[in-house]
Each structure stands twice: as structure tokens, then as C-alpha cells.
Amino acid sequence: MKLDWIIESQDILKVNDLIDRNKNKIFYKQRLEKNIYKKEVISDRERIWKSIIVCLLTSQQNSSAESPVARFSGLKPFPLSLEICQSESEQLEKFIADKLKSFGGIRFYDRIANLLIKNFEYLEMSNWIILSEINTSLENRNLNVKTQIQLERECAKKVQDKLMGFGPKQSRNLLQMLGLTVYEIPIDSRITKWLNNELNFPITVSVTTLQDLNFYCFVSDAIQNLCEKCHIEPCLFDAAVFIEGDKGEWTLENSIF
């Protein structure tokens with residue numbers, strides 16, 4: 001069986017209007033610079049570790065610009081830096097949980113601490129090999145679109161398989177935060193709401209249905225087809241939806257994504 005996505009003119013108009021409303025916003029411009037114009041390979045373990053933390057913090061709780069999660073993630077110096085966590089490795093799980101709990105307003109701090117300690121141990125024991133493998137796969141931006149999409153999906157699956165607490169959405173969130181992806185985006189509640197309410201997507205999309213990887217890729221295919229017709233990269237479509245579905249204003253100072 002084969003499914004053909006039929007993109008109507010009104011769908012294209014809605015996306016174009018969405019982009020026009022948000023293309024001058026700081027968050028959109030940051031995504032353009034980081035994911036489209038990006039040239040360097042991500043090798044900074046500190047940045048990778050913080051991105052992993054942010055992904056787990058933003059899972060299933062408010063992550064708007066003014067939320068406790070965003071404020072904690074924007075602390076300088078960052079209280080859960082890789083250097084600090086390495087120095088606290090003997091009691092790291094308790095250390096992380098205490099830091100999150102004492103900050104206030106952050107949910108699931110015990111579960112997040114447990115996931116982080118498992119990921120920390122895996123990364124340290126494997127000498128962070130998963131990230132070098134992903135960088136090697138995604139550093140070439142001169143591939144055709146279908147090949148690039150396939151590579152991005154394979155890398156997201158690798159993250160999902162290796163890192164605890166990372167499903168289809170958060171694995172793509174991590175890669176996008178690191179500037180490594182263009183086509184595979186984290187389909188979160190903002191995206192599902194836009195698809196269901198603004199685009200009248202033919203199948204109801206929910207956080208629950210997106211937990212299935214095959215269904216996730218099915219919806220991702222639709223988004224990629226829509227963006228192709230609109231001549232816009234999916235990561236920029238994601239940025240525009242993110243801006244309109246968020247509370248508060250993301251600036252250069254408070255951006256965590």
C-alpha cells in the first residue's frame with residue numbers, strides 16, 4: 001500500500017503566514033543560524049551534557065520562557081555542568097535531585113536524576129562514542145534531502161536506543177538543539193495542537209500516539225512534505241510553531257533551545 005500526501009493551497013498559505021509572522025523573532029533567527037547555516041561539528045561535551053539535561057527537564061512539564069525549567073537551565077554558572085557532575089560522581093544521583101528540588105517548581109526531579117546518572121555513566125564508560133558517531137553521520141550537509149532525512153532518523157533512533165528517557169521526540173529535540181538536524185523535528189504538544197487545530201490534519205495526533213515510532217515517522221513524513229511544498233525547512237517551521245505556542249518571549253539571554 002502507498003499513501004500520497006495531498007497538500008492543498010490553503011495549507012501552504014497557513015504555513016507561509018505562520019513563517020511571515022515569526023521570521024523576524026530572535027528564536028527563529030537563532031534556529032536559522034544554528035541549524036541551517038551551521039558549519040562546525042559539535043564536539044564540546046559540556047554543551048552536549050547540558051543539552052541532555054535540558055531535554056529531560058523539558059519532558060512532560062512546562063518549558064516556556066518564564067518556567068522554572070527554563071530559569072534553571074539558564075543559570076550561570078550552570079549548577080549541573082559536566083565538570084561539577086564529574087566531581088560529584090560518587091553521589092551524583094542525590095546531588096542532581098537535591099539541586100533540582102531546592103530550585104523549586106521542577107517536577108519529577110527524582111526520576112530525572114535517575115535517568116541522568118544512567119546516561120552519565122554510559123557516556124563516560126563509552127568515551128562519548130555515540131556523539132562522535134552522530135557527528136560523523138550528520139556533518140555532511142551536501143546530501144540529497146531523502147538521504148539526509150534517513151541519516152537524521154537513524155541518528156535519532158541511535159539516541160533513543162542508547163540514552164535513557166529519550167523517545168522519538170526527545171531524541172530529535174537533542175539533535176536539533178545541537179544544530180545537527182534540519183528535517184527531523186521534535187513533534188511536541190505545540191506541533192500537535194497546530195496540526196490538529198490550524199491545519200485540520202486528517203488523523204488526530206496526540207502525545208500518546210506519537211510514542212509509537214512508526215506513527216511518529218508517519219507524521220514526520222507529512223510535515224516534511226508540507227514544508228517541501230512551502231519551500232521551508234522543517235526545523236524553521238518548528239521554530240515558528242514553538243514561538244506562537246509558547247508563553248513569554250525567548251531572547252538571546254534566556255534561550256535554552
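This table checks each residue for (1) aromatic (Phe, Trp, Tyr); (2) at pLDDT 90 or above.
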site	(1), (2)
Trp5	yes, no
Val15	no, yes
Asn22	no, yes
Arg45	no, yes
Lys50	no, yes
Gln60	no, no
Leu75	no, yes
Asp98	no, yes
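Of the residues making up segment 100-129, those that are surrounded by fewer than 19 Cβ atoms within 10 Å (Cβ to Cβ) and over 21 Å from Val159 (Cα atoms) are Lys101, Ser102, Phe103, Gly104, Gly105, Arg107, Phe108, Tyr109, Asp110.
Search segment 62-73 for residues being crowded, with 17+ Cβ neighbours inside 10 Å and modelled with pLDDT of 90 or more, and hand back the single one that is farthest from Gly105 (Cα to Cα). Step by step, filter segment 62-73, then rank; the result is Ser73. Residues that are assigned to a helix (DSSP H, G or I) and of a type in the set (Val, Ile, Thr) were ranked within segment 191-216; the one that is surrounded by the fewest Cβ atoms within 10 Å (Cβ to Cβ) is Thr209.
Note on segment 130-150: among residues that are of a type in the set (A, V, I, L, M) and more than 17 Å from Glu228 (Cα to Cα), the one that is surrounded by the fewest Cβ atoms within 10 Å (Cβ to Cβ) is Ile130. For Ser63, the conditions (1) hydroxyl-bearing (Ser, Thr, Tyr); (2) touching a Ser or Thr at 6+ places or on another chain (Cβ under 9 Å); (3) farther than 21 Å from Arg172 by Cα all hold with the exception of (3). Is it fair to say Leu32 is part of a helix (DSSP H, G or I), under 30 Å from Asp221 (Cα atoms), in contact (Cβ under 8 Å) with a residue 24 or more places away in the chain and among the hydrophobic types (A, V, I, L, M, F, W, C)? Criteria met by Leu32.
This table checks each residue for (1) closer than 22 Å to Gln211 by Cα; (2) among the basic types (Lys, Arg); (3) modelled with pLDDT of 95 or more.
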residue: Ile112; (1), (2), (3): yes, no, yes
residue: Glu121; (1), (2), (3): no, no, yes
residue: Ile129; (1), (2), (3): no, no, no
residue: Ser137; (1), (2), (3): no, no, no
residue: Lys146; (1), (2), (3): no, yes, no
residue: Arg153; (1), (2), (3): yes, yes, yes
residue: Gly165; (1), (2), (3): yes, no, yes
residue: Glu184; (1), (2), (3): yes, no, yes
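In segment 228-249, of all residues being part of a loop (DSSP other than H, G, I, E, B) and at pLDDT below 90, the one that is most open to solvent (accessible area, probe 1.4 Å) corresponds to Lys247.
Is it the case that Thr181 is more than 19 Å from Ile12 (Cα to Cα), without any contact (Cβ under 8 Å) to a residue 12 or more places away in the chain and either in contact with a Leu (Cβ under 8 Å, 6 or more places away or on another chain) or open to solvent by 20 Å² or more (accessible area, probe 1.4 Å) (or both)? Here the answer is no, as Thr181 does not meet what is asked. Pairs only if they're at least six apart or on different chains, beta carbon under 6 angstrom, first in segment 135-149 and over 11 Å from Leu180 (Cα atoms), second open to solvent by 40 Å² or more (accessible area, probe 1.4 Å) and of a type in the set (Ser, Thr, Tyr); list them, first residue then second. Sorted first by the residue in segment 135-149, then by its partner, the pairs are Ile149/Tyr183.
The values are calculated or read from the model by the stated rules, or taken from the named source; none is laboratory data. Note that the coordinates shown come from a computational prediction; the quantities given were computed from them, not determined experimentally. As a convention, Cβ positions derive from the backbone with ideal geometry for all residues, glycine included, and neighbour counts pool all protein chains shown. The protein model used for the area step is the full one, side chains on, heavy atoms only, and it has no ligands, DNA or RNA in it. Shrake-Rupley method; radii C 1.70, N 1.55, O 1.52, S 1.80 Å.
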